[in-house]
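What follows is a single structure, written as structure tokens, with notes after it.
The values are calculated or read from the model by the stated rules, or taken from the named source; none is laboratory data. Owing to the predicted nature of the structure, the values given are computational and were not obtained by experimental measurement. Using ideal geometry, Cβ is built from the backbone for each residue, glycine included, and neighbour counts are taken over all protein chains shown. Remember, those area values only see protein heavy atoms, side chains included, never the ligands or the DNA or RNA. Shrake-Rupley method; radii C 1.70, N 1.55, O 1.52, S 1.80 Å.
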Amino acid sequence: MDDVYVLGIGMTPFGRHPDRSAADLGSEAIGLALKDAGVSRKDIEAAWVGHVYQGMAMGQRALYAAGLSGLPIANVENACSSGSTAIWDAAMSIRAGAYDVVLALGVEHLSSMFRGALAPDPTDIEAQIGLTMPGIYAMRAQRYMLQYGVTPSDIAHIAVKNKKNAAMNPLSHFKKPVTLEEVAAGRLIADPLRLHECAPISDGAAAVVLISRSKLSQYGSNRAIRLAATSLRSGRTEVGLVDMTVEDLTWRTAEAAYAQAGIGPEEIDFAEVHDCFSIAEALRVEGMGLIPHGEYVSRVVKGEMDIDGTFPVNASGGLLGKGHPLGATGVAQVVELVRQLRGDAKERQIKSPKVGIAHCRGGKAQGVEGTACTVNILVK
Amino acid sequence: MPDIESPSAPEIMQYRQSQGKVHLLGSRCPSCSAAFFPSRTICPADGTEGLEELALADHGIIYTYTVIRQSTPEFEAPYAMVYIDFPQDVRVLLPYLGDGTPVIGAEAEIVLAPGPRLIDGALVLLPHAQSRQA
Ligand SMILES: [Zn+2]
């Protein structure tokens with residue numbers, strides 16, 4: 001089985017792009033990734049494209065706009081993990097020996113599709129009686145506060161941290177830090193979560209070029225970063241009265257990635273995790289076994305997860321700050337890991353990291369905690 | 001009082017009314033005893049087919065809650081929602097009826113009430129959780 005490397009990365013600015021199409025954004029990300037990888041269009045043997053609300057054959061439209069046609073192209077929908085599932089598919093094709101140079105793209109023009117709160121699929125009973133995505137996480141936050149003795153203000157520190165990081169990322173949706181007071185003054189979306197604690201509706205695209213170890217030498221890149229693990233899992237149907245502050249799906253996905261990489265949680269230097277809501281960041285980092293259950297929020301308050309802290313989380317700004325164009329999110333996380341591991345993250349550079357982890361999960365379906373989850377581990 | 005089957009929105013939530021009490025209708029696996037709401041035909045825990053109907057108690061304990069202040073156009077916000085833990089070892093999401101904040105750990109009974117769902121502009125009758133008066 002051949003090892004997989006990330007050879008090139010590309011990402012558009014995240015935010016509102018009323019004057020651009022999803023295909024146009026996807027094309028820009030592809031162009032940037034090819035240039036960064038130093039490969040030409042004809043080198044790309046196959047492509048996987050993750051998106052959620054972009055309709056039929058979005059992948060083909062984006063690749064055609066970027067001047068690629070005729071190659072195998074597969075469209076991937078897996079809720080908020082669509083882009084990272086495209087990476088999983090692309091990496092599997094290299095491991096299987098089918099291809100050596102492939103593309104994974106995530107793209108979403110969400111602002112033209114959605115207003116207000118995202119909700120589970122309308123056919124689910126939860127959605128039919130009024131549950132929204134903020135509502136799910138708000139209910140988990142209530143349990144977290146009760147079980148671990150933290151306050152809404154403690155949880156709000158996660159939003160403050162991520163928006164501070166986002167202000168140092170030129171591709172972020174939000175460019176302005178917020179204070180704890182500003183978060184507390186934001187309107188309630190679902191108690192206790194307020195406006196700044198919910199990821200925005202963003203448009204954007206991100207792409208990576210993956211390459212096999214055997215072909216790597218031909219491209220002479222010393223900027224390639226090894227994709228040591230890529231895992232994908234789905235939620236198990238919940239049976240009985242489970243603890244809603246513990247993410248079984250996140251743990252099973254991370255556990256598979258640790259086994260693949262031969263790397264334990266204690267060896268990870270930094271993380272990009274799926275902070276669709278402030279509390280979600282705590283549930284993910286604890287869920288992956290990186291911090292003991294119930295400790296994350298108080299350690300954020302102490303500054304441990306800042307860029308210069310002991311375990312930086314969401315240096316990119318995360319979903320809360322950088323933005324959350326659903327299909328693009330999981331790819332953008334890997335883009336950030338590569339930038340950090342190359343030492344190219346400028347103002348928000350973490351001090352000499354060696355191992356990074358990206359966690360992306362999404363969706364709520366009837367009777368499961370989450371629908372899809374991916375974990376990628378990158379090693380310098 | 002005769003039993004009334006889901007008078008208003010049965011396609012959303014299955015329940016039975018009996019002697020003034022509201023019982024949600026789920027299912028139980030005859031092989032591993034796992035309970036589910038809404039009902040299922042195949043047990044996701046062990047693959048057993050042909051699950052049995054299970055009428056949940058008319059009361060349970062509030063596991064967690066929120067007040068949803070921003071929703072989609074099909075709902076009249078704000079409204080509170082709770083997860084109720086039933087004695088049958090199954091947790092069900094329900095809208096919450098009543099003023100004031102739901103209290104985690106408090107006992108709640110299941111009642112029929114309009115809202116928060118709108119169909120053709122009108123609130124529909126749905127099972128709600130309501131805190132038990134001491
Ligand atoms: Zn069973």
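Could you tell me whether B:Leu118 is open to solvent by 30 Å² or more (accessible area, probe 1.4 Å) and either within 13 Å of another protein chain (Cβ to nearest Cβ) or in contact with an Asp or Glu (Cβ under 6 Å, 6 or more places away or on another chain) (or both)? Even if it seems obvious, please write down each step before you answer.
Working: open to solvent by 30 Å² or more (accessible area, probe 1.4 Å): yes; either within 13 Å of another protein chain (Cβ to nearest Cβ) or in contact with an Asp or Glu (Cβ under 6 Å, 6 or more places away or on another chain) (or both): yes.
Yes, satisfied.
Among the residues making up region B:43-74, those that are within 13 Å of another protein chain (Cβ to nearest Cβ) and charged (D, E, K, R) are B:Asp46, B:Arg69, B:Glu74.
Filtered by the rule that a residue be open to solvent by less than 10 Å² (accessible area, probe 1.4 Å) and within 7 Å of chain B (Cβ to nearest Cβ), region A:104-133 gives A:Ala117, A:Ile129, A:Gly130, A:Leu131, A:Thr132. Of all the listed residues (A:Gly55, A:Gly31, A:Gly15), the sole one being free of Cβ contacts under 8 Å to residues at least 40 places away in the same chain and either farther than 26 Å from A:Gly97 by Cα or not assigned by TED's automatic domain parsing to the domain that holds A:Ser221 (or both) is A:Gly55.
Condition first: among the charged types (D, E, K, R) and within 16 Å of A:Val331 (Cβ to Cβ). Now tell me which residues in region A:10-43 satisfy that. Those that are among the charged types (D, E, K, R) and within 16 Å of A:Val331 (Cβ to Cβ): A:Glu28, A:Asp36. Quick check on my filter: what residues within region B:14-55 are open to solvent by 30 Å² or more (accessible area, probe 1.4 Å), within 16 Å of the ligand (Cβ to nearest atom) and touching a residue at least 60 places away in the same chain (Cβ under 8 Å)? Scanning region B:14-55 gives a single hit, B:Arg28.
Considering only strands (runs of 3 or more DSSP E) fully contained in region B:20-134, which possess at least 2 residues that are of a type in the set (Asp, Glu)? Quick ask: steps written out before the conclusion?
Working: elements: B:21-28, B:52-55, B:59-68, B:79-86, B:90-97, B:107-119, B:122-131.
The qualifying strands (runs of 3 or more DSSP E) are B:52-55, B:107-119.
Among residues of region A:234-262 that are over 18 Å from B:Ala45 (Cα atoms) and more than 14 Å from chain B (Cβ to nearest Cβ), none has a Cβ under 9 angstrom from a residue that is open to solvent by 60 Å² or more (accessible area, probe 1.4 Å) and of a type in the set (S, T, N, Q) at a sequence gap of 6+ or on a separate chain. Taking the criterion of being more than 14 Å from chain B (Cβ to nearest Cβ), farther than 14 Å from A:Ile279 by Cα and open to solvent by less than 70 Å² (accessible area, probe 1.4 Å), the residues of region A:178-194 that qualify are A:Val178, A:Thr179, A:Leu180, A:Ala184. Can we say A:Gly83 is open to solvent by less than 10 Å² (accessible area, probe 1.4 Å) and within 28 Å of A:Leu188 (Cβ to Cβ)? So A:Gly83 fails the test. Being open to solvent by less than 10 Å² (accessible area, probe 1.4 Å), within 14 Å of chain B (Cβ to nearest Cβ) and either charged (D, E, K, R) or under 21 Å from B:Tyr83 (Cβ atoms) (or both): is that true of A:Leu283 here? In short, yes.
Evaluate the following for B:Ala80: is it open to solvent by less than 30 Å² (accessible area, probe 1.4 Å), under 27 Å from A:Ile279 (Cα atoms), more than 14 Å from the ligand (Cβ to nearest atom) and without any contact (Cβ under 8 Å) to a residue 24 or more places away in the chain? Explain how you work it out, then say what you get.
Details: open to solvent by less than 30 Å² (accessible area, probe 1.4 Å): yes; under 27 Å from A:Ile279 (Cα atoms): yes; more than 14 Å from the ligand (Cβ to nearest atom): yes; without any contact (Cβ under 8 Å) to a residue 24 or more places away in the chain: yes.
In short, yes.
Within the option set A:Ala90, A:Ala141, being small (Gly, Ala, Ser), in a helix (DSSP H, G or I), buried (at least 24 other Cβ atoms within 10 Å of the Cβ) and within 14 Å of chain B (Cβ to nearest Cβ) holds for one residue only, A:Ala141. Modelled with pLDDT of 95 or more and under 24 Å from A:Gly135 (Cβ atoms): is that true of B:Arg69 in this structure? Considered against the rule, which asks whether it is modelled with pLDDT of 95 or more and under 24 Å from A:Gly135 (Cβ atoms), B:Arg69 comes out as yes.
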